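Presented below is the structure to which this report refers.
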Amino acid sequence: MRRPRLAVTLGDVAGIGPEIVIRAWPKLVKMADVVVFGDVGWMRKTAAELAPSLLVELGSEPTDASSSPRVTPVIQATQQDLTEVRTGKMSAAAGRAAYDFLCQAIEAALRGEIDAIVTAPLHKEGLRAAGLNYPGHTEILASKTGATHHAMLLWGRGLTVGHVTLHMSLREALNQITTGAILETSRLVHQMVRRLKNGESGRLAVAAVNPHASDGGMFGNEEQLIIAPAVEAARGEGLPVVGPIPADTLFARADRVEFDGIVAMYHDQGHIPMKLRCGWDLVNITAGLPIIRTSVAHGTAYDIAGRGVADPASMIAAADVACRLVWSSQEEGNQ
């Protein structure tokens, strides 16, 4: 199979994005041809501090960039002046630049110049300070690619978790949990499980939203009125899914390898157990896009930025999953 070409976006330069890219670089280039969409100045500054022998080169086109353990090609993907940005400090300039890095990478992916995007973290307050009304990467990707049905997935240690609702208050999330949304997320999780398991269907479970799946209606009726009908509809489509299952036992059962995929109702229901379960090996995947995108599953970590201690494990894992998805697409195209 052809060696994948990955675009790594730098994220918020005031956070740990530049650091984890530099620290992960030797392993990234063993997996794929890699080009960074970011800011040359910040990459050179970070390389000088962490890997003085690494040459950061200004690239012009993703298809012309040549990466190696000693050379990092960088597409200058923003016109923002980042000279006044300070490490560990939120700024509108860094927020706008992170958005620019991502948008240019999306455009390159849509043109077929790269096979997948791997993103370093951005800062949601930085986006807002720049006047950008997006809660995060997922919503920008959906908007720029025209994806109407998409979901944020977490993958780690063989388990894929999709979220019916994402970046919103818990009160609003409960209003957005519908039978249709659960069914669509179930489809996306099933599709991703098949890709990550080399065509095997896998086993899916749908989480309840109330304690003890409401104990027959004692603590709410969402399970009976909303979630169970979605599970039945999914089973009617041939999806290997069960539920609703109480969330406090569901992940323990997944650890016993009962399930390959889980549909979580809201952000923290999926994120907390997966981050505890997988640690730095956790990967964020956006399903339902016309392009492949994976990401680290952590934030900008302003509190440790610039100290040279950020762990690049999630960046390495995200690149590995991106390569797997590229190879899966290549195999599907050859069939």
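Throughout, read-outs are computed from the coordinates displayed, never taken from laboratory work. All of these numbers come straight from a predicted model, not from anything done at the bench. With ideal geometry, Cβ positions are generated from the backbone for all residues, glycine too; neighbour counts draw on all protein chains shown.
Tabulated values for the structure
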{"read-out": "Residue match in region 259-266 (condition: touching an Asp or Glu at 6+ places or on another chain (Cβ under 9 Å) and free of Cβ contacts under 8 Å to residues at least 40 places away in the same chain)", "value": "no"}
{"read-out": "When residues of region 105-126 are limited to those that are part of a helix (DSSP H, G or I) and over 17 Å from the mean Cα position of the chain (by Cα), the one surrounded by the most Cβ atoms within 10 Å (Cβ to Cβ)", "value": "126"}
{"read-out": "Pairs, first touching a residue at least 60 places away in the same chain (Cβ under 8 Å) and assigned to a helix (DSSP H, G or I) in region 36-57, second acidic (Asp, Glu) and crowded, with 20+ Cβ neighbours inside 10 Å, C-beta under 9 Å, six or more apart", "value": "49/19; 50/19"}
{"read-out": "Those residues of region 170-197 which are over 20 Å from the mean Cα position of the chain (by Cα) and assigned to a loop (DSSP other than H, G, I, E, B), in sequence order", "value": "177, 178"}
{"read-out": "From 145, 160, residue being touching a strand residue (DSSP E or B) at 6+ places or on another chain (Cβ under 7 Å), buried (at least 16 other Cβ atoms within 10 Å of the Cβ) and of a type in the set (Ser, Thr, Tyr)", "value": "160"}
{"read-out": "Count of region 76-109 residues which are out of contact with any helix residue (DSSP H, G or I) (no Cβ under 7 Å at 6 or more places or on another chain) and of a type in the set (A, V, I, L, M)", "value": "5"}
{"read-out": "Residues of region 269-296 that turn out to be farther than 17 Å from residue 254 by Cα and free of Cβ contacts under 8 Å to residues at least 40 places away in the same chain, as a count", "value": "1"}
